[in-house]
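Scroll down for the structure; my scribbles are underneath it.
The values are calculated or read from the model by the stated rules, or taken from the named source; none is laboratory data. Since the structure is predicted, the reported quantities are computational estimates derived from the model, not experimental observations. Note that we place each Cβ from the backbone using ideal geometry, even for glycine, and neighbour counts take in every protein chain shown.
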Amino acid sequence: MSREMNRGIIGGMRGEIKRGIKAAVLLLCLCLVMGCSGQRNTAGAEDAEELLADVSDESADVSDSGSTGTEAESGADRELTEAVSTGADSSRNFDIDLTQMSSTMVYSEVFDMMTEPERYMGKTVNMNGAFNVYQDEETGKTYYACLIQDATACCAQGIEFVLDGSYQYPADYPEEGSDITVCGTFDAYEEDGYVYCQLIDARLQ
């Protein structure tokens, strides 16, 4: 066999071998790429599932906390509404509640009552102050009053009160000078040419 023929055969075999190697390499690369791609897809799917699970958990937590917060706020709102309603109901019992005013305002209000009693006739008044008793030696009549001092405690004004019912002094009355709260209907009467203010149908609290 000539050398030329040998070279041709050998060259053909080398070509076949090279083509086989290339094909094998290409197949191997393709497998590797497909394998990596599959792993990436699997990892991506797993990551996506974990992310969705985390988001779902966080949403549930937020929903629960939001529900709890809403319930707490609703409870606070109910308590506030009840407190306001209770305060409003108690205030409706009196047309004028001096116990809710400052000492300066109370003294000014009582001064107005004494100087312009017609403006207050028939109104329910609630007040607190020092219990005072005065007995007229000439008539033998006893007067009971609630004294209110001004902000400087140098001046005092009082409004008489007549309790609703039969009461005897001193058995049924507090100690003179003690702090009292009394409520009643504002009224005025004239005696010896003077007009005096008083709370009738009164009750001590």
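Condition check: surrounded by 12 or more Cβ atoms within 10 Å (Cβ to Cβ), in contact with a strand residue (DSSP E or B) (Cβ under 9 Å, 6 or more places away or on another chain), among the acidic types (Asp, Glu) and at pLDDT below 95. Does Asp136 satisfy that? Steps first, answer last, please.
Working: surrounded by 12 or more Cβ atoms within 10 Å (Cβ to Cβ): no; in contact with a strand residue (DSSP E or B) (Cβ under 9 Å, 6 or more places away or on another chain): yes; among the acidic types (Asp, Glu): yes; at pLDDT below 95: yes.
No: the conditions fail for Asp136.
Given the condition within 20 Å of Tyr120 (Cβ to Cβ) and within 38 Å of the chain's Cα centre (by Cα), answer yes or no: does some residue in segment 185-195 qualify? Spell out how you get there, then give the answer.
Taking segment 185-195 as the starting set, the residues that turn out to be within 20 Å of Tyr120 (Cβ to Cβ) are 185-191, 194-195.
Within this subset, residues satisfying the condition of being within 38 Å of the chain's Cα centre (by Cα) are 185-186.
Yes; the residues of segment 185-195 include at least one that is within 20 Å of Tyr120 (Cβ to Cβ) and within 38 Å of the chain's Cα centre (by Cα).
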